[in-house]
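Participant: Pasting a structure here, questions to come.
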Amino acid sequence: MSPRADVSMSLEEIEAFLTRPRTGVLSTLGADGFPHSTGMWFVPEDGRLLMWTYAKSQKSRNLQRDPRCSFLVEDGFEYSELRGILVRGPARLITERAEIVSIGRRLYGRYTEPRTKIPVEEGPIAEIERQATKRIGIEVPLARIATWDHRKLR
């Protein structure tokens, strides 16, 4: 029997992977016990992932009831290219408006500004501040992580 190849990512590889703007999948637990999964933009920062959602959304309600969640970020098409990170643990809901605005600003800067070339202070900040009144922040700590990078199988 041959030894298994180690396809896990190093801390540096994890950081590089999360630095690139990608869409992740947040899975929460519904009241019926079944997973509820949704695509989310996120910002990696200080050993955690930050995102926001509408306070009345199903994922928000699920996390208020049960903070356990998982967050998946993946990349690749062919099996030999597949790589990803799965984070599991309790989410923390952020209700302070200033923090929610801050998350919205960072999400805009990460995903939208590079496409539009419109700085947040030239208008978008007003919309972010307006939306913040209806939103809640989500923090998922990067504590319990599984990683894979099938490119290492070559």
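Participant: Relative contact order, percent, of the chain when contacts are C-alpha pairs under 8 Å separated by at least 6 residues? Don't skip to the answer; put the middle values down first.
Facilitator: Values: 268 pairs, mean separation 48.4, N = 154.
Averaging sequence separation for qualifying contacts and normalising by length gives 31 percent for the chain.
Participant: How about region 22-125: which GluC sites (Glu not before Pro) there are in a DSSP loop, with at most 15 other Cβ atoms within 10 Å of their Cβ?
Facilitator: Numbers: sites: GLU45, GLU74, GLU78, GLU81, GLU96, GLU99, GLU121, GLU122; in loops: GLU78, GLU96.
The qualifying sites are GLU78, GLU96.
Participant: Report, to two decimal places, the Cα Rg of the chain normalised by 2.2 N^0.38 Å (N = number of residues). Show your work: numbers first, answer last.
Facilitator: Details: Rg = 17.0 Å, N = 154, 2.2 N^0.38 = 14.9 Å.
Here the answer is 1.14, to two decimals.
Participant: Counting every Cα pair in region 43-83, what percent are over 16 Å apart?
Facilitator: Details: 471 of 820 pairs.
Value for region 43-83 (Cα pairs over 16 Å): 57 percent.
Participant: Under Stokes-Einstein, with the Kirkwood radius over Cα pairs standing in for Rh, what whole-number D in µm²/s applies to region 4-85 at 37 °C and 0.692 mPa s? Provide the component values of the computation, followed by the final result.
Facilitator: Values: Rh = 14.2 Å.
For the chosen part, D equals 230 µm²/s.
Each reported figure results from applying straightforward, stated rules to the coordinates on display, with no laboratory input. Please read these numbers as outputs of a predicted model, since none were measured by experiment. Positions of Cβ are backbone-derived with ideal geometry, glycine not excepted, and every protein chain shown enters the neighbour counts.
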